[in-house]
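Handing you a structure now.
The values are calculated or read from the model by the stated rules, or taken from the named source; none is laboratory data. What you see is a predicted model, and the numbers here were worked out from it, not measured in a lab. In case anyone asks, the SASA skips ligands and DNA or RNA and just uses the protein heavy atoms, side chains included. Shrake-Rupley method; radii C 1.70, N 1.55, O 1.52, S 1.80 Å.
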Amino acid sequence: MALTVRLYSFLLLVLLSFSAKEKGTTNRIILFKPTFNNQELVLEKGSYFTNNNDTISVTHFKFYISNLRVEFENGSNFADPEKVHLVDAEWPESMELKLHEVPNLKVKKVIFQVGIDSVTNVSTHFEGDLDPKLGMYWAWNSGYINMKLEGKSNSCTSLKKDFQFHIGGYLPKQNALQTVQIPVQDQANSIEIKVDISEWLRHIKLSETSGLMVPGEKAVAMSHWYTNMFSSDEKE
(Lines give C-alpha, C1' and ligand atoms only; values in the text may rest on other atoms or scores of the structure.)
Protein backbone atom coordinates (compact mmCIF):
# COMPACT_ATOMS: atom_id res chain seq x y z
CA MET A 1 0.00 0.00 0.00
CA ALA A 2 2.76 2.40 0.97
CA LEU A 3 4.56 1.62 -2.29
CA THR A 4 1.38 2.36 -4.23
CA VAL A 5 0.95 5.71 -2.47
CA ARG A 6 4.57 6.67 -3.11
CA LEU A 7 4.22 5.72 -6.78
CA TYR A 8 1.03 7.73 -7.08
CA SER A 9 2.68 10.74 -5.43
CA PHE A 10 5.67 10.48 -7.75
CA LEU A 11 3.46 10.31 -10.85
CA LEU A 12 1.39 13.25 -9.61
CA LEU A 13 4.54 15.32 -9.06
CA VAL A 14 5.76 14.51 -12.56
CA LEU A 15 2.38 15.47 -14.00
CA LEU A 16 2.25 18.74 -12.12
CA SER A 17 5.82 19.60 -13.13
CA PHE A 18 4.99 18.92 -16.77
CA SER A 19 1.82 21.01 -16.50
CA ALA A 20 3.74 23.89 -14.93
CA LYS A 21 6.32 23.74 -17.68
CA GLU A 22 3.60 23.76 -20.32
CA LYS A 23 1.98 26.82 -18.72
CA GLY A 24 5.34 28.51 -18.21
CA THR A 25 6.43 28.53 -21.85
CA THR A 26 4.88 28.89 -25.27
CA ASN A 27 5.88 28.90 -28.91
CA ARG A 28 5.80 32.16 -30.84
CA ILE A 29 6.14 33.12 -34.49
CA ILE A 30 7.69 36.39 -35.63
CA LEU A 31 6.21 37.02 -39.07
CA PHE A 32 7.91 39.50 -41.43
CA LYS A 33 5.45 40.77 -44.05
CA PRO A 34 7.00 42.60 -47.07
CA THR A 35 4.73 45.35 -48.39
CA PHE A 36 4.78 48.51 -50.49
CA ASN A 37 2.58 51.36 -49.27
CA ASN A 38 0.63 48.80 -47.27
CA GLN A 39 0.06 46.64 -50.34
CA GLU A 40 1.31 43.08 -50.37
CA LEU A 41 4.66 42.85 -52.16
CA VAL A 42 4.47 40.71 -55.29
CA LEU A 43 7.87 40.15 -56.87
CA GLU A 44 8.27 40.96 -60.58
CA LYS A 45 4.54 41.20 -61.32
CA GLY A 46 3.61 43.96 -58.89
CA SER A 47 3.77 47.61 -59.97
CA TYR A 48 4.27 50.27 -57.30
CA PHE A 49 4.45 54.04 -57.18
CA THR A 50 6.93 55.86 -54.91
CA ASN A 51 6.46 59.29 -53.37
CA ASN A 52 9.20 60.50 -55.77
CA ASN A 53 6.97 59.64 -58.76
CA ASP A 54 8.93 56.53 -59.70
CA THR A 55 6.96 53.55 -60.93
CA ILE A 56 8.81 50.38 -59.97
CA SER A 57 8.68 46.61 -59.85
CA VAL A 58 10.71 44.61 -57.34
CA THR A 59 12.58 41.50 -58.48
CA HIS A 60 14.58 40.63 -55.35
CA PHE A 61 14.21 41.60 -51.72
CA LYS A 62 16.04 39.90 -48.88
CA PHE A 63 17.77 40.82 -45.65
CA TYR A 64 19.39 39.40 -42.54
CA ILE A 65 17.78 39.48 -39.11
CA SER A 66 20.18 38.73 -36.25
CA ASN A 67 20.37 38.69 -32.46
CA LEU A 68 16.60 38.79 -32.05
CA ARG A 69 15.18 38.92 -28.56
CA VAL A 70 11.79 39.32 -26.96
CA GLU A 71 11.53 41.77 -24.07
CA PHE A 72 8.77 41.25 -21.51
CA GLU A 73 6.88 43.75 -19.37
CA ASN A 74 8.70 42.53 -16.26
CA GLY A 75 12.05 43.49 -17.76
CA SER A 76 13.26 39.98 -18.58
CA ASN A 77 14.33 38.86 -22.06
CA PHE A 78 14.24 35.79 -24.27
CA ALA A 79 17.10 35.55 -26.78
CA ASP A 80 16.56 33.62 -29.99
CA PRO A 81 19.12 30.78 -29.97
CA GLU A 82 19.27 31.01 -33.76
CA LYS A 83 21.52 34.04 -34.08
CA VAL A 84 20.99 34.70 -37.81
CA HIS A 85 18.00 34.43 -40.16
CA LEU A 86 17.86 35.23 -43.86
CA VAL A 87 14.45 36.61 -44.81
CA ASP A 88 13.82 36.30 -48.55
CA ALA A 89 10.63 37.51 -50.24
CA GLU A 90 10.99 34.59 -52.67
CA TRP A 91 10.74 32.05 -49.83
CA PRO A 92 7.51 32.48 -47.80
CA GLU A 93 8.78 30.05 -45.17
CA SER A 94 11.80 32.29 -44.49
CA MET A 95 9.47 35.10 -43.36
CA GLU A 96 8.36 33.09 -40.32
CA LEU A 97 10.83 32.94 -37.45
CA LYS A 98 9.74 30.21 -35.05
CA LEU A 99 10.68 30.67 -31.40
CA HIS A 100 10.28 27.68 -29.09
CA GLU A 101 9.81 27.53 -25.32
CA VAL A 102 9.40 31.28 -24.91
CA PRO A 103 8.38 32.32 -21.38
CA ASN A 104 4.61 32.80 -21.31
CA LEU A 105 4.80 36.40 -20.15
CA LYS A 106 3.36 39.66 -21.43
CA VAL A 107 5.52 40.86 -24.33
CA LYS A 108 6.61 44.51 -24.40
CA LYS A 109 8.70 44.63 -27.58
CA VAL A 110 10.69 42.63 -30.10
CA ILE A 111 14.28 43.80 -30.66
CA PHE A 112 16.56 42.69 -33.48
CA GLN A 113 19.41 43.79 -35.69
CA VAL A 114 19.16 44.21 -39.44
CA GLY A 115 22.33 42.72 -40.83
CA ILE A 116 25.36 40.77 -39.67
CA ASP A 117 27.65 41.85 -36.85
CA SER A 118 31.41 42.21 -37.22
CA VAL A 119 32.22 38.98 -35.36
CA THR A 120 30.11 36.91 -37.75
CA ASN A 121 31.46 38.79 -40.76
CA VAL A 122 35.02 37.70 -40.02
CA SER A 123 34.17 34.16 -38.94
CA THR A 124 34.48 31.13 -41.19
CA HIS A 125 31.03 29.77 -40.37
CA PHE A 126 29.55 29.55 -43.87
CA GLU A 127 26.62 27.24 -43.14
CA GLY A 128 22.84 27.52 -43.16
CA ASP A 129 21.60 31.06 -43.77
CA LEU A 130 25.22 32.25 -43.89
CA ASP A 131 26.04 30.14 -46.95
CA PRO A 132 27.61 32.45 -49.59
CA LYS A 133 25.66 30.53 -52.26
CA LEU A 134 22.53 32.34 -51.06
CA GLY A 135 23.77 35.49 -52.76
CA MET A 136 24.33 37.63 -49.66
CA TYR A 137 28.11 37.54 -49.42
CA TRP A 138 30.69 39.79 -51.05
CA ALA A 139 33.58 37.47 -51.87
CA TRP A 140 35.62 40.44 -53.11
CA ASN A 141 35.06 42.28 -49.84
CA SER A 142 34.96 39.30 -47.42
CA GLY A 143 31.71 40.41 -45.83
CA TYR A 144 27.97 39.98 -45.86
CA ILE A 145 25.27 42.02 -47.55
CA ASN A 146 22.83 43.07 -44.83
CA MET A 147 20.03 44.17 -47.14
CA LYS A 148 19.42 43.56 -50.85
CA LEU A 149 16.78 45.28 -52.99
CA GLU A 150 16.65 44.96 -56.76
CA GLY A 151 14.07 45.90 -59.34
CA LYS A 152 13.21 47.86 -62.46
CA SER A 153 11.97 51.35 -63.20
CA ASN A 154 11.87 53.55 -66.27
CA SER A 155 13.21 56.33 -64.05
CA CYS A 156 16.58 54.57 -63.85
CA THR A 157 19.34 55.83 -66.12
CA SER A 158 21.01 52.41 -66.31
CA LEU A 159 20.99 50.59 -69.64
CA LYS A 160 18.60 47.88 -68.45
CA LYS A 161 16.46 50.32 -66.44
CA ASP A 162 17.20 48.43 -63.25
CA PHE A 163 18.15 49.43 -59.72
CA GLN A 164 20.35 47.50 -57.31
CA PHE A 165 20.95 48.29 -53.66
CA HIS A 166 23.27 45.91 -51.80
CA ILE A 167 23.89 47.41 -48.37
CA GLY A 168 26.54 46.12 -45.98
CA GLY A 169 29.74 46.95 -44.18
CA TYR A 170 31.12 46.23 -40.72
CA LEU A 171 34.41 48.12 -40.42
CA PRO A 172 34.67 51.35 -38.39
CA LYS A 173 32.88 54.23 -40.17
CA GLN A 174 31.34 51.65 -42.54
CA ASN A 175 29.21 49.73 -40.07
CA ALA A 176 25.72 49.38 -41.55
CA LEU A 177 24.35 47.13 -38.79
CA GLN A 178 21.20 48.69 -37.32
CA THR A 179 18.97 47.85 -34.35
CA VAL A 180 15.18 47.93 -34.58
CA GLN A 181 12.64 47.84 -31.74
CA ILE A 182 9.02 46.88 -32.40
CA PRO A 183 6.44 47.55 -29.65
CA VAL A 184 3.95 44.75 -29.00
CA GLN A 185 0.48 45.08 -27.49
CA ASP A 186 -1.41 42.21 -29.08
CA GLN A 187 -0.39 39.16 -27.05
CA ALA A 188 -1.19 36.60 -29.77
CA ASN A 189 1.47 33.96 -30.31
CA SER A 190 2.07 35.29 -33.84
CA ILE A 191 3.68 38.74 -33.95
CA GLU A 192 3.50 40.41 -37.36
CA ILE A 193 6.14 42.91 -38.43
CA LYS A 194 5.45 44.90 -41.58
CA VAL A 195 8.40 45.66 -43.87
CA ASP A 196 7.28 48.51 -46.12
CA ILE A 197 9.80 49.16 -48.91
CA SER A 198 8.20 52.53 -49.73
CA GLU A 199 9.59 53.88 -46.45
CA TRP A 200 13.10 53.25 -47.77
CA LEU A 201 12.58 54.45 -51.32
CA ARG A 202 10.97 57.71 -50.20
CA HIS A 203 14.57 58.87 -49.61
CA ILE A 204 15.75 57.92 -53.10
CA LYS A 205 15.16 59.39 -56.55
CA LEU A 206 15.94 56.59 -58.96
CA SER A 207 16.76 59.05 -61.73
CA GLU A 208 19.67 60.23 -59.55
CA THR A 209 20.63 57.07 -57.65
CA SER A 210 19.84 53.66 -59.06
CA GLY A 211 22.58 51.62 -57.45
CA LEU A 212 24.82 51.20 -54.42
CA MET A 213 26.84 48.03 -53.95
CA VAL A 214 29.83 48.96 -51.77
CA PRO A 215 30.28 49.76 -48.07
CA GLY A 216 30.83 53.36 -47.06
CA GLU A 217 29.10 56.50 -45.80
CA LYS A 218 26.26 56.26 -48.35
CA ALA A 219 25.57 52.67 -47.35
CA VAL A 220 25.47 53.63 -43.68
CA ALA A 221 23.01 56.43 -44.49
CA MET A 222 20.79 54.00 -46.40
CA SER A 223 20.90 51.54 -43.52
CA HIS A 224 19.39 54.24 -41.31
CA TRP A 225 16.70 54.93 -43.90
CA TYR A 226 15.57 51.36 -44.26
CA THR A 227 15.12 50.78 -40.54
CA ASN A 228 11.93 52.81 -41.01
CA MET A 229 10.54 49.97 -43.11
CA PHE A 230 10.00 47.84 -40.02
CA SER A 231 6.85 48.53 -38.02
CA SER A 232 3.74 47.12 -36.47
CA ASP A 233 0.29 48.65 -36.40
CA GLU A 234 0.64 49.12 -32.67
CA LYS A 235 1.64 52.22 -30.79
CA GLU A 236 3.51 52.40 -27.54
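Work out, in µm²/s and without decimals, the Stokes-Einstein translational diffusion coefficient of the chain at 10 °C, 1.306 mPa s, Rh from Kirkwood over C-alpha pairs.
Stokes-Einstein gives a translational diffusion coefficient of 81 µm²/s.
Here's a follow-up. Rounded to the nearest 10 Å², what accessible area does His224 have for a 1.4 Å probe in the complete protein model?
For His224, solvent-accessible area is about 100 Å².
Using only Cα atoms, locate the centre of the stretch 168-206 and the centre of the stretch 111-129, then give the distance between them in Å, rounded to an integer.
After rounding, the separation between the Cα centres reads 17 Å.
Give me, ordered by chain and number, the residues 5 or more places off Asn37 or on other chains with an amide H under 5 Å from its own placed amide H.
Residues meeting the amide H criterion: Ile197, Ser198, Glu199.
Would you kindly state how much longer the chain becomes between Ser142 and Leu159 on full extension, computed as 0.36 nm times their sequence separation minus their alpha carbon distance, in nm to one decimal?
Taking Ser142 through Leu159 to full extension adds about 3.3 nm, to one decimal.
Does the stretch 88-148 classify as rounded, prolate or oblate by the C-alpha gyration tensor (a ≥ b ≥ c root eigenvalues; a/c under 1.5 gives rounded; else a/b over b/c gives prolate, otherwise oblate)?
Cα axes put the stretch 88-148 in the prolate bin.
Separate question: In terms of solvent-accessible area of protein heavy atoms at a 1.4 angstrom probe, what is the ranking of His100, His203, highest value first?
Result of the area sort, largest leading: His100, His203.
Can you list the aspartates and glutamates whose alpha carbon sits under 19 Å from that of Lys152, skipping same-chain ones fewer than 8 residues off?
Glu40, Glu44, Asp54, Asp88, Glu90, Asp162, Asp196, Glu199, Glu208
To the nearest 10 degrees, how steeply does helix 217-226 sit against the main Cα axis of the chain, on a 0 to 90 scale?
That helix lies at roughly 50 degrees to the long axis.
How large is the Kirkwood hydrodynamic radius of the stretch 120-236, counting all unique pairs of alpha carbons, in Å?
The answer is 16.0 Å.
Let me ask another. Beyond 23 Å, what percent of the Cα pairs of the stretch 84-187 remain?
The proportion of pairs with Cα distances above 23 Å equals 43 percent.
If the cut-off is a Cα-Cα distance under 22 Å, which lysines reach Lys109, setting aside same-chain residues fewer than 8 apart in sequence?
Result set, ordered by chain and number: Lys23, Lys33, Lys83, Lys98, Lys194, Lys235.
Can you sort Lys133, Lys62, Lys218, Lys161 by 1.4 Å-probe accessible area, starting with the largest?
Per-residue accessible area, sorted high to low, gives Lys133, Lys218, Lys161, Lys62.
While we're on this one: Ranked by accessible surface with a 1.4 Å probe, highest first, in what order do Thr227, Thr209, Thr50, Thr124 come?
Result of the area sort, largest leading: Thr124, Thr209, Thr227, Thr50.
Which angle between 0 and 90 degrees, to the nearest 10, do you get for helix 2-24 versus the longest principal axis of the chain when only C-alpha atoms count?
Tilt relative to the chain: about 20 degrees.
In deg cm²/dmol, rounded to 500, what helix-only [θ] at 222 nm does the chain give when every DSSP H run of at least 4 residues adds -39500 (n - 2.57) and the total is split over its residues?
-5000 deg cm²/dmol
So what does Glu96 come to for accessible area, using a 1.4 Å probe and Å² rounded to 10?
Only protein atoms counted, so the area is about 80 Å².
With the cut-off at 1.5 for a/c, could you classify the stretch 135-194 from its C-alpha gyration tensor as rounded, prolate or oblate?
Oblate is the answer for the stretch 135-194, as a/c is 1.5 or above yet b/c matches or exceeds a/b.
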